[in-house]
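Undergrad: Quick one: the structure is below, and I'll ask about it shortly.
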Amino acid sequence: MQKIRRGKCLRGIVSYALAPAPHHMTAPMVIGGNLVGITVDELTAELVKTQKLREDVTKPVWHNSLRLPVGESLTNQQWRNIADDYMKRMGFCDTHLRCYVLHNDEAGQHIHIIASRINVLVDGQLYLGKNENLISTRIIQELEKDHQLTRTKGPSPAKQLQKQKKLTRNEKMMQDRTGEKPSKKVIQEAIDAILTFFDTITIEDFIYELKKQNISASANIASTGKMNGFSFEHRGVAFKASQLGKAYSWSNISKRIIVTLPMDAVAPVSFTANENVSTPIEVHPTATPLTANSREHIRSRWLQWIPYLEELVASLKAVGSTILNPLKRNFILTVIRTSNSEAPEISEVNSQDSARKPQFKPL
């Protein structure tokens, strides 16, 4: 299984699934689903009708693929049974339009499942599918057992995070009154799901995955540049990692989160999860020795000298000096403009030895 994708281009994903390719052992073909058509135009036309029911939804397309181990194969009917069972367990109804496209290549048989998230009969009800990558992984393990398929490796229950802090009395009362999970529970479950599904994850992707659950994460950076952990916020309620539990301290989650950005980065780094997110997540260092503009200015000034370093070193050697040792006071650099050229030349004037006049080449 690959990561579940959502998109807005119906024709694009249908065309991709049905397009022939050199590595295909057989031509891609529609083997199941609840759509009538079998061509790109026919399938797209049917799916577009559902999109018109909910024009406010920017990403109505749902796509995933299920793959067998190398060398194994199933009949079309077996694939249909497994795909139908999979979609039902994922929470899709029979009135969510979809199709199954079979691919067969050297890496093994697999099917592409292309579905509309919009229910055609229940007033355009939208399939939400929170934490669906994690849920999908668990369902696939169940399908392998129930359909007597080769068992593949999935996330181990032993990787569940350590102890988390329980809800306070007020949080429980609010949950009972409103029927909604408290922000603390939402954040805890989201982090658990991410770190269970991914063996390791970059800090950027970690923040990105949280943002998809409407959770913002800010990295707490010490003045020394050391990463101290995260602060989280959901629906305007902020939590330190210590308020969520020891499981969410940096000493624990750092074993799974890969830091790819320098923690003493000067400027805040923003991460935008998707087009539905109006505000980016930012990682704010608490102290910075230099501003971004000053460092960039120093860097650009240094880069300007690189093409001329070799000539500079050669000229300094000619007068018995080096970059590390200052020039003698009677060594004067003057800029001379030649009569036949506008390019300046830099030459040496030595009061004690006027015969020795090494020159720089024109800049």
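Undergrad: Which residues in segment 1-38 place their backbone N less than 12 Å from a point set 7 Å from the Cα of Thr137 along the Cα-to-Cβ direction?
TA: 1-4
Undergrad: Would you kindly state how much longer the chain becomes between Leu121 and Thr26 on full extension, computed as 0.36 nm times their sequence separation minus their alpha carbon distance, in nm to one decimal?
TA: Between Leu121 and Thr26, full extension yields 30.6 nm more.
Undergrad: Can you tell me the FRET efficiency between Asp105 and Lys130 if r is taken as the Cβ-Cβ distance and R0 is 41 Å, rounded to the nearest 0.05?
TA: Computed FRET efficiency for Asp105 and Lys130: 0.80.
Undergrad: Would you calculate the separation in nanometres between label points at Thr152 and Val40, each defined as 7 Å from the Cα along the Cα-to-beta-carbon direction?
TA: Calculated label separation equals 2.8 nm.
Undergrad: Which residues in segment 202-234 have a backbone N closer than 15 Å to a point placed 7 Å from the Cα of Ile258 along the Cα-to-Cβ line?
TA: Counting only backbone N, you get 202-207.
Undergrad: Could you rank Trp79, Trp250 by how accessible they are, 1.4 Å probe, largest area first?
TA: Details: Trp79 5, Trp250 40 Å².
These residues rank, largest area first, as Trp250, Trp79.
Undergrad: Next question. Would you kindly calculate the mean projected area, averaged across all directions, of the convex hull enclosing the Cα atoms of segment 1-78, in square nanometres?
TA: Quarter of the Cα hull surface area: 6.1 nm².
Undergrad: State the extension gain, in nm to one decimal, for the chain segment bounded by Asn228 and Lys52, taking 0.36 nm per residue of separation less the distance between their alpha-carbons.
TA: 58.6 nm
Undergrad: Still on this structure: Expressed as a whole number of Å, what is the distance separating the alpha-carbon centroids of segment 97-141 and segment 1-36?
TA: The distance from the Cα centre of segment 1-36 to that of segment 97-141 comes to 12 Å.
Undergrad: In segment 45-92, how does Rg compare with the Kirkwood Rh, expressed as the Rg/Rh ratio over alpha carbon atoms?
TA: Taking Rh as the inverse mean 1/r over Cα pairs, Rg/Rh reads 1.11.
Undergrad: Hey, can you find the accessible area per residue of segment 49-190 for me, probe 1.4 Å, expressed in square angstrom?
TA: The answer is 57 Å² per residue.
Undergrad: Here's another thing I want to ask about it. Could you work out how far apart the two model spin labels at Thr168 and Cys93 are, taking each label as a point 7 Å from the Cα in the direction of the beta carbon, and quote it in nm?
TA: 4.0
Undergrad: Right, here's the next one. At 7 Å along the Cα-to-beta-carbon direction for both Asn76 and Lys8, put a label point, then send me their distance in nm to one decimal.
TA: For Asn76 paired with Lys8, the spin-label model returns 3.6 nm.
Undergrad: Now a separate question. Just list whichever of Lys211/Lys255; Lys130/Lys166; Lys181/Lys226; Lys8/Lys145 have alpha carbons separated by over 29 Å in the model shown.
TA: Lys181/Lys226; Lys8/Lys145
Undergrad: Also, quick follow-up: Assuming R0 = 51 Å, what is the FRET efficiency of Arg177 and Ala314, from their Cβ-Cβ distance, to the nearest 0.05?
TA: The formula returns an efficiency of 0.05 here.
Undergrad: Positive end of the dipole of segment 50-117, charges at C-beta (+1 Lys, Arg; -1 Asp, Glu), about the Cα centre: which of Ile111, Trp79, His96 has its Cα farthest in that direction?
TA: Of the options given, the answer is His96.
The values are calculated or read from the model by the stated rules, or taken from the named source; none is laboratory data. Owing to the predicted nature of the structure, the values given are computational and were not obtained by experimental measurement. Neighbour counts run over all protein chains shown; Cβ positions are idealised from the backbone, glycine included. Heads up: the accessible areas ignore ligands, DNA and RNA and are worked out on the full protein's heavy atoms, side chains in. Shrake-Rupley method; radii C 1.70, N 1.55, O 1.52, S 1.80 Å.
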